[in-house]
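Here is the structure we will look at.
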Amino acid sequence: MKKARETDLGKSPKLLEEALGILMSGRYFHTMDPDLLREVLRKGIYVEAPTGTQLMKEDGLDDDVYFLLEGSLAVTSNTKLILHLNTPGDIAGEFAVVSSAPRSADVSTDAPSRLVKVSSSIVKTDYRKDPERAAQFLAVFGHIMAGKLRETSQRAKLYEDA
């Protein structure tokens, strides 16, 4: 089976700008300051993953968060499909930013996929070393979480009105 290919976005300006362009058109990113997102992505890893690549393991303790650029992800728990992510800008693992609890699901590619992997460790352990980067990271994720909350609130309102 083919392994995922990883590239440091900080060392690949062309890939960085391509990822930024894709994410800025996504539903959680389009109102975000592109310079702020660029700085967070600069510390990220561009991942080209073949079908069947496991990105996160249920009960895992990693700090990785994935932004989908292209492809498809399956989120499963106990082999049951919970969620299918296939829209550029979809995010997997965002609760790693606010929690140190083990993962609650497995995440794997169910089609060849391109993603950006960023680590939330900057806000958990390294924030004193680089407080400016930690603040940038928190600003980006605060924006994402606010977008997700708005989306959830809109769905709840639709159910309420139905």
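The values are calculated or read from the model by the stated rules, or taken from the named source; none is laboratory data. All of these numbers come straight from a predicted model, not from anything done at the bench. So basically every Cβ, Gly included, is an ideal-geometry build from the backbone, and we count neighbours across all protein chains shown. To get the accessible areas, we keep the full protein, side chains included, count just its heavy atoms, and leave off ligands, DNA and RNA. Shrake-Rupley method; radii C 1.70, N 1.55, O 1.52, S 1.80 Å.
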Inset, instruction - Please work out if residue 51 is outside any strand (DSSP E or B), farther than 24 Å from residue 142 by Cβ, of a type outside the set (D, E, K, R) and open to solvent by 50 Å² or more (accessible area, probe 1.4 Å). - result: yes
Inset, instruction - Could you grab the pairs with beta carbons closer than 7 Å, sequence gap of 6+ or different chains, first residue in segment 127-138 and free of Cβ contacts under 8 Å to residues at least 40 places away in the same chain, second one among the aromatic types (Phe, Trp, Tyr) and assigned to a loop (DSSP other than H, G, I, E, B)? - result: 134/127
Inset, instruction - Kindly indicate whether any position in segment 93-102 is open to solvent by less than 30 Å² (accessible area, probe 1.4 Å), closer than 22 Å to residue 7 by Cα and assigned to a strand (DSSP E or B). - result: no
Legend entry - In segment 70-90, residue farthest from residue 52 (Cα to Cα) [restricted to those that are open to solvent by 80 Å² or more (accessible area, probe 1.4 Å) and β-branched (Val, Ile, Thr)]: 82
Inset, instruction - For segment 77-84, indicate whether the set of residues that are within 19 Å of residue 10 (Cα to Cα), part of a strand (DSSP E or B) and at pLDDT below 95 is non-empty. - result: no
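Please find, within segment 54-69, the residue that is surrounded by the fewest Cβ atoms within 10 Å (Cβ to Cβ) out of those that are of a type in the set (D, E, K, R) and not in a strand (DSSP E or B). Break it down stepwise before answering.
First, pick out the residues of segment 54-69 that are of a type in the set (D, E, K, R): 57-59, 62-64.
Next cut, not in a strand (DSSP E or B) only: 57-59, 62-63.
Details: 57: 14, 58: 14, 59: 10, 62: 16, 63: 17.
The selected residue is 59.
Can you tell me which residue is nearest to residue 95 (Cα to Cα) among those in segment 125-162 that are among the charged types (D, E, K, R) and open to solvent by 60 Å² or more (accessible area, probe 1.4 Å)?
Pass one, segment 125-162, residues among the charged types (D, E, K, R): 126, 128-130, 132-133, 148, 150-151, 155, 157, 160-161.
Subset that is open to solvent by 60 Å² or more (accessible area, probe 1.4 Å): 128-129, 132, 150, 155, 157, 160-161.
Working: 128: 21, 129: 23, 132: 21, 150: 16, 155: 20, 157: 24, 160: 27, 161: 29 Å.
Within segment 125-162, the match that is nearest to residue 95 (Cα to Cα) is 150.
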Inset, instruction - Can you tell me which residue within segment 1-48, out of those that are under 13 Å from residue 69 (Cβ atoms) and among the β-branched types (Val, Ile, Thr), is surrounded by the fewest Cβ atoms within 10 Å (Cβ to Cβ)? - result: 7
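Would you call residue 78 among the polar types (S, T, N, Q), farther than 23 Å from residue 32 by Cα and more than 10 Å from the chain's Cα centre (by Cα)? Before you say what the answer is, go through the steps one by one.
Details: among the polar types (S, T, N, Q): yes; farther than 23 Å from residue 32 by Cα: yes; more than 10 Å from the chain's Cα centre (by Cα): yes.
Considered against the rule, which asks whether it is among the polar types (S, T, N, Q), farther than 23 Å from residue 32 by Cα and more than 10 Å from the chain's Cα centre (by Cα), residue 78 comes out as yes.
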